[in-house]
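Undergrad: Below is one structure. I have some questions about it.
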Amino acid sequence: MIRELVLVYKILKWHDRTFKDLPMSEQKQKLIGEIAEFNEAKAKYIKSPYPRRPKYKYAVDGELIDVIIAGINCLKYPDFYERVAVKHNINTHRTWKGDHHVSTK
């Protein structure tokens, strides 16, 4: 777990150096754009005549990684951080079955 935390720290430090004055609204747009690129890559992968070729899978994985990095970078903004913390708290109090939470109605 330490290596994962170190990587998150490195990503945040890089973002702070590279995009020092980027407002949260623009980082949020960046995240939304990365999600769109991931969805486009996924659609191309599914429609590809050769979906098992590593280059197609690599392209989809690369876009997903961009989504993760953009999401991590959102954590540097206090408002976004607070929303993630609240959502995490909600998730920790849910009941989980497999990889989905069980609705309690």
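Undergrad: Restricting the search to segment 62-97, which residues are among the aliphatic types (A, V, I, L, M), exposed (fewer than 12 other Cβ atoms within 10 Å of the Cβ) and within 21 Å of LYS13 (Cα to Cα)?
TA: Of everything in segment 62-97, just one residue is among the aliphatic types (A, V, I, L, M), exposed (fewer than 12 other Cβ atoms within 10 Å of the Cβ) and within 21 Å of LYS13 (Cα to Cα), namely ALA85.
Undergrad: I've got another one for you. Name the residue, out of TYR81, TYR58, that is over 15 Å from the mean Cα position of the chain (by Cα) and assigned to a helix (DSSP H, G or I). Break it down stepwise before answering.
TA: On the way: TYR81 fails: over 15 Å from the mean Cα position of the chain (by Cα).
Answer to the check: TYR58.
Undergrad: Scan segment 16-32 for residues that are touching a residue at least 24 places away in the same chain (Cβ under 8 Å) and part of a helix (DSSP H, G or I) and report the count.
TA: 6
Undergrad: Name the residues in segment 21-50 that are β-branched (Val, Ile, Thr) and either within 17 Å of ILE11 (Cβ to Cβ) or within 11 Å of the chain's Cα centre (by Cα) (or both), would you?
TA: Once the filter is applied, which keeps residues that are β-branched (Val, Ile, Thr) and either within 17 Å of ILE11 (Cβ to Cβ) or within 11 Å of the chain's Cα centre (by Cα) (or both), segment 21-50 yields ILE32, ILE35.
Undergrad: Also: Report whether or not LEU75 is modelled with pLDDT of 95 or more and within 17 Å of the chain's Cα centre (by Cα).
TA: Taking the combined requirement at face value, the residue satisfies it.
Undergrad: Report the residue count in segment 1-51 for those that are farther than 24 Å from TYR77 by Cβ and acidic (Asp, Glu).
TA: The qualifying residues number 1.
The values are calculated or read from the model by the stated rules, or taken from the named source; none is laboratory data. Quick caveat, the model's predicted, so the values are computed rather than measured. Please note: Cβ atoms are built from the backbone with ideal geometry, for glycine as well, and neighbour counts cover all protein chains shown.
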